[in-house]
Every structure is written in structure tokens, then in C-alpha cells.
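Read through the structure below, which is laid out as C-alpha cells, and then see the notes.
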Amino acid sequence: MAGAGEEPFSPSVLGTREHWDAAYERELQTFQDIGDAGEIWFGEESMVRIITWLEKHKVPLDSSVLDIGTGNGVLLIELAKSGYMNLTGIDYSPSAIQLSEKIKEKEGMSNIKLKVEDFLTPSAELSGFDVCLDKGTFDAISLDPADAAGKRKLYVGSLSRVLKPEGFFLITSCNWTKEELLNEFREGFEILDELPTPKFCFGGRIGNSVTALVFQRKKVKPSILDKLD
Ligand SMILES: C[S@@+](CC[C@H](N)C(=O)[O-])C[C@H]1O[C@@H](n2cnc3c(N)ncnc32)[C@H](O)[C@@H]1O
């Protein structure tokens, strides 16, 4: 763990758009050649874990769900197969969105919405989600060689903008421990659950546990101006 004012991770290419563009460019080519959807970050079980939690907590199938940094969009495909019908995925890499569009087309899931967006500067139409999902995107942003700490703050601000009050945020990370994530999301979010996870490795850190947490956005307190209405 880093000391006060220190950056916890060394910057890495995994924190740059160029890296993800090149990676998904290659995966797009592989998909076109042999139909392989590419890397499932944290494995199939990470998707099962998320979907099981949503089902166990009876999160309605028509809830609006945003996958932040969707990559190949396979998590959204699995959610659609489980009956979720209001699904959106964003990624700042155009080649990721091209790949996810192709996979969506192959799977016949025409109702999934996919969009090139930088989550750190979300468009106005990205708002009011019941559920936000993040599998490895906050990790990638945390490795950005240019002002990772500032970008993590922007991330938390964006999340507060796009997620409804009392909406759920499910994050899977292997760069951050539970305690560190609680600290990162302390403003505006409270922890609801911790999901059981195996060991994994990412970005050169070996032997870290994967952390999977469920947060709920706190209720927005009515302002004095509301009471005057
Ligand atoms: C480790 S990959 C995980 C991809 C996907 N969530 C999965 O589980 O397969 C990180 C993803 O975050 C995306 N990403 C990183 N920074 C982003 C940002 N600021 N806005 C949107 N997407 C971002 C990358 O393009 C990449 O697709």
C-alpha cells in the first residue's frame, strides 16, 4: 500500500488509450479470422459472480445497466442471455466498440447499446442508470501515466453523475484491496456486499486477490431550497 501522497502503482501502458486501441485492433482481427471474442478479464467466473448477485438481489430485468469500459462487451451479452434488456456499454477505444458491435451482431443481441465514450468526460445522455458495472476499467485508469490520482477523482465524479441515487455499482479489481476501494469511493457511496473471489494477477502485480465489491450510491439529501418549494 502507498503512503500519503504517493501513487500506489507505477504508471503503465495499460493505462493508455493507445494500448487498448492496439489490443482491440488485434482482437478484432482475430475475431474476423477465427470468431474468437478475445480476453475475458478475470475469467468467466467474474461474470457469473456479477449476474448471480443481481439475480439473488432481485434486480429487475428491465433495470438500466451501464458497463463502464466494456471492452469486447461479452459481459453485456451474458447479461442479455440472463434476461436483462436495458443494457449499455461504453468504451473510450473505438476498436473495442467495433469488436463489441461485431460480437453483438453475431450473438443476435440487437438491443444492447454500445458507444465510444470516455467515462472521465461522460456525455449528458449517460445518466440515470440503475446499475453500473466495472470489470478492470478503474484498474486501467489507475495505471494512467498522466495524473492517475486526478483521473480516479474524475471517475468517482462521473459515477456520481451517471448512477441514480440508491443505484448499485459492482466493481471487480485486482489492483486495489477492499480497504483501498472503500477509501476511493467513500464520498457518495456505501458498501453493500463483498463477493468471494480467487487469486489473480494484473499489470505486473502477482498474487493479488481479485476484489469484487458492491456499492450503493447514497441517497441525495434534500436541500434547503427543495423545502422552500
Ligand atoms: C482491463 S480492460 C476490461 C475490459 C472489460 N471490462 C472486460 O472485463 O473484459 C479495461 C477497459 O477499460 C477501457 N477504458 C480505460 N479507460 C477508459 C475510459 N476513461 N473510458 C472508457 N473506457 C476506458 C479500455 O479501453 C478497456 O476496454
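The values are calculated or read from the model by the stated rules, or taken from the named source; none is laboratory data. Keep in mind it's a predicted model, so treat the numbers as computed, not measured. Backbone-built Cβ (ideal geometry, glycine too); neighbour counts: all protein chains shown. Quick note on the areas: whole protein, heavy atoms, side chains included, nothing else; ligands and nucleic acids left out. Shrake-Rupley method; radii C 1.70, N 1.55, O 1.52, S 1.80 Å.
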Going through the range 129-151 in order, the residues found to be over 12 Å from the mean Cα position of the chain (by Cα), within 11 Å of the ligand (Cβ to nearest atom) and either among the hydroxyl-bearing types (Ser, Thr, Tyr) or open to solvent by 20 Å² or more (accessible area, probe 1.4 Å) (or both) are Ser142, Asp144, Lys151
Looking at (1) assigned to a helix (DSSP H, G or I); (2) farther than 19 Å from Lys102 by Cα; (3) open to solvent by 30 Å² or more (accessible area, probe 1.4 Å); (4) in contact with a Leu (Cβ under 9 Å, 6 or more places away or on another chain), which is the only condition Ser10 fails? (1)
For the range 25-37, check the following and say yes or no: at least one residue is open to solvent by less than 70 Å² (accessible area, probe 1.4 Å), modelled with pLDDT of 90 or more and farther than 19 Å from Asp91 by Cβ. yes
Please list, ordered by first then second residue, the pairs with beta carbon atoms under 9 Å, 6 or more apart or interchain, first in the range 129-144 and within 15 Å of Leu181 (Cβ to Cβ), second of a type in the set (Val, Ile, Thr) and in a helix (DSSP H, G or I). Cys132/Val162; Leu133/Ile50; Lys135/Ile50
Name every residue in the range 48-74 that is in contact (Cβ under 8 Å) with a residue 40 or more places away in the chain and part of a helix (DSSP H, G or I), in order of residue number. Arg49, Ile50, Trp53, Leu54
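Each row is one residue, and each column tells you yes or no for (1) within 12 Å of the ligand (Cβ to nearest atom); (2) surrounded by fewer than 16 Cβ atoms within 10 Å (Cβ to Cβ); (3) of a type in the set (Lys, Arg).
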site: Ile103; (1), (2), (3): yes, no, no
site: Lys106; (1), (2), (3): no, yes, yes
site: Lys113; (1), (2), (3): no, yes, yes
site: Leu120; (1), (2), (3): yes, no, no
site: Glu125; (1), (2), (3): no, yes, no
State all residues of the range 53-81 that are more than 13 Å from the ligand (Cβ to nearest atom), open to solvent by 40 Å² or more (accessible area, probe 1.4 Å) and either over 24 Å from Gln32 (Cα atoms) or among the acidic types (Asp, Glu) (or both); if no residue qualifies, say none. Glu55, Lys56, His57, Lys58, Pro60, Leu61, Asp62
Would you mention how many residues in the range 18-50 are more than 8 Å from the ligand (Cβ to nearest atom), of a type in the set (Gly, Ala, Ser) and within 17 Å of the chain's Cα centre (by Cα)? 1
Which condition number in (1) under 20 Å from Ser46 (Cα atoms); (2) more than 15 Å from the chain's Cα centre (by Cα) is the one that Val74 fails? (2)
Expected single match for within 14 Å of the ligand (Cβ to nearest atom), assigned to a helix (DSSP H, G or I) and out of contact with any strand residue (DSSP E or B) (no Cβ under 7 Å at 6 or more places or on another chain) among Leu159, Leu154 is Leu154
Go through the range 82-101 and count every residue that is open to solvent by 20 Å² or more (accessible area, probe 1.4 Å) and within 15 Å of the ligand (Cβ to nearest atom). 4
